[in-house]
Number of protein chains: 2
Amino acid sequence: MPDTGPGAGAGGPPTPLGIVAGGGALPRLVAEARAGAGLPYMLVFMGEEAPGWAAGHPHEVHAFEYPQRVVAALKRAGCTHVVMAGGVNRPKIRWSRFRPSTVAFAVKALPLLRRGDDGLLGGIARLFEAQGFSVIGVQDVLGDILAPEGVIGRCEPGAQDLADMRRAAAIVRALGPLDVGQGAVVAEGVCLAVEAVEGTDLMLRRVAEMPAARRPRTPSGVLVKMPKPGQDLRVDLPTIGPDTVSGAAAAGLRGIAVAAGRANVIGLDETRETADAAGLFILGAREDELCAST
Amino acid sequence: MPDTGPGAGAGGPPTPLGIVAGGGALPRLVAEARAGAGLPYMLVFMGEEAPGWAAGHPHEVHAFEYPQRVVAALKRAGCTHVVMAGGVNRPKIRWSRFRPSTVAFAVKALPLLRRGDDGLLGGIARLFEAQGFSVIGVQDVLGDILAPEGVIGRCEPGAQDLADMRRAAAIVRALGPLDVGQGAVVAEGVCLAVEAVEGTDLMLRRVAEMPAARRPRTPSGVLVKMPKPGQDLRVDLPTIGPDTVSGAAAAGLRGIAVAAGRANVIGLDETRETADAAGLFILGAREDELCAST
């Protein structure tokens, strides 16, 4: 039974859920889910300004250089639980903003910037825990966001697709201890792209723009997204949505495989419809399917 | 003592060196080196047409679907040694070109297309060996093309650069058994890019085009190029040249590290001058420098 966040079924009055908001659609989905359930929450954007949609939600904005202000805002709002929703951009640090009183916190936070996304986000999660918050995952708030097991939609992967999927999964797995990325594209045995800090959308765009002579015929190939081995599953789960499907179609791929139960699908119905319309398969793959020897 | 190819110091009349020509500058360099030394050779381009510079050299062109014609051309010319120079594009196969008489050869050659570049090129090398040819490396013909050990040029790597280099080397090493690529870019601990089939130039271009918020400040970061563990060093050694340096500079990197003695530097003087002018370091790194724990 997952910790579904403060107030969802537990006894006593619910405490506000602190939503530390990164980019993408997740912060809004989490905020709207809490609002829809009549449960309290407080959005905190780490950066320079809040996006337009935040206007209707309780929120504060604090620059990355003032992490103690984020902590103070969450405590002031009465939060006991925190969810980190959405990827973060690697902030540009303005050293002049630091004050002697905050140096102790900063010396813990800043080395995190020298890591990959997982090290960065996992490290931030541990900083919140050290401040007394319980850190929960987006999937604990949005119960239906995790990728289901099996084929999603009408198109099914073929034998070559499954072989490509296993090879891409082996690549992501090999890079796991090095905190590089969560995705790779393999087509007919050839690795077309490995995801690093650029993210999935840009990776798919470069596959789309790849000279025909550098890759096997189209359509071919599978995008795999899965967490790194040992990844903190409360932060930065691999995520797909309708845009990922459109990007994969533009890249001439045959389908997408995600780790069932360990990846987010934003907008399952729209994602399925986009895949069906484009003729792509989506597979929620079990661990043993992803790990079978190639 | 390397096998320097037929006729370079060995007794007896030299036999022509078969140069199986891929893309880039290497085929021309090899042909001109043989011509300059007064030694015979025969260029064979696998594809549809020869580049313009080939006009002054003995050459033939044969489509990939007719590998037996390549073998026949090399034997007809009296070649006993073959060098594979330059990367190959992954050919589009036109099945209608195959004849029943060539199927036996084709069934060996075609599965190679389902591998990465190293599997493809190494497999082609073994096919030539099975036909009785000795396969030698470009470095056996162009003795001075291998990267020297130590700093090349005026700029020196700093401590952060060496840490970035080791992390990028660990990434290339982890992917080695999976035949993905020979390069990666790491900046201040963050992996900015992993090279797959797109090649180094396109990888550097995407680092150059990366949004500033996704990466550490510029300049920062190191491009590492090194062979995969267990790679057949006679084919497809990692290669840099002046264009690589320009690409790394445009990508906001601080330098390039290559495996000393196991990577090609095309045009060492021009490469050094380009690096000095751009303020980039180039390091020919020893195996133990690349492998030190990060």
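The values are calculated or read from the model by the stated rules, or taken from the named source; none is laboratory data. Remember, predicted model here, so these are calculated numbers, not experimental data. Methodologically, a virtual Cβ is constructed for each residue, glycine included, from the backbone with ideal geometry; neighbour enumeration extends over all protein chains shown. Please note that ligands, DNA and RNA were not included when accessible areas were found on the heavy atoms of the full protein model with its side chains. Shrake-Rupley method; radii C 1.70, N 1.55, O 1.52, S 1.80 Å.
Please list, ordered by chain and number, the residues whose modelled amide H lies under 5 Å from the amide H of B:I19; skip anything fewer than 5 residues away on the same chain.
B:M42, B:L43, B:V44, B:V83
In nm, what does the list of distances from A:E270 to its counterparts in the other copies look like, shortest first, when each label sits 7 Å along Cα to Cβ?
Copy-to-copy label distances for A:E270: 5.1 nm.
Quick check: at a probe of 1.4 Å, how many percent of the accessible area of the stretch A:150-291 sits on carbon and sulfur atoms?
50 percent
Quick one: net charge around B:R154, please, counting Lys, Arg +1 and Asp, Glu -1 for every other residue with C-beta under 13 Å from its C-beta.
-2
Checking buried surface per residue: for the stretch B:186-206, which residues lose a minimum of 10 Å² accessible area in the protein assembly relative to the chain alone (1.4 Å probe)?
B:E188, B:G189, B:V190, B:C191, B:L192, B:V194, B:A196, B:V197, B:E198, B:L202, B:R206
Along the stretch B:152-158, what does the Karplus equation 6.51 cos²θ - 1.76 cosθ + 1.60 (θ = phi - 60°) give for ³J(HN,Hα), rounded to whole Hz, x for Gly and Pro?
Rounded to whole hertz, the list is 9, x, 8, 8, 10, x, x.
Between the DSSP loop rule and a limit of at most 14 other Cβ atoms within 10 Å, which trypsin sites (Lys or Arg not before Pro) in the stretch B:172-206 are left?
Nothing satisfies the criteria.
Where a ≥ b ≥ c are the square roots of the eigenvalues of the C-alpha gyration tensor, would you call the stretch A:150-291 rounded, which needs a/c under 1.5, or, failing that, prolate if a/b is larger than b/c, or oblate?
rounded
Distances from A:A37 to the same position in the other copies: list them in nm, one decimal, shortest first, using label points 7 Å from Cα along Cα→Cβ.
Copy-to-copy label distances at A:A37, shortest first: 7.4 nm.
Test of the criteria: in the stretch A:20-84, which GluC sites (Glu not before Pro) are in a DSSP loop and have at most 14 other Cβ atoms within 10 angstrom of their Cβ?
Here the GluC sites (Glu not before Pro) that fit, given the DSSP loop and packing criteria, are A:E48, A:E49.
What are the residues whose amide H is under 5 Å from the amide H of B:F281, where those residues sit 5 or more places off or on another chain and H is modelled from the backbone?
For B:F281, whose amide H was placed from the backbone, the distant partners under 5 Å are B:G255, B:I256.
At a probe radius of 1.4 Å, what is the per-residue accessible area of B:R69, in Å² to the nearest 10?
Ignoring ligands and nucleic acids, B:R69 comes out at about 110 Å².
Total accessible area buried between chains B and A, 1.4 Å probe, in Å² to the nearest 100?
The contact between A and B buries close to 3100 Å².
Quick one: label points 7 angstrom along Cα→Cβ at A:R286, distances to the other copies in nm, smallest first?
Ordered by increasing distance: 5.1 nm.
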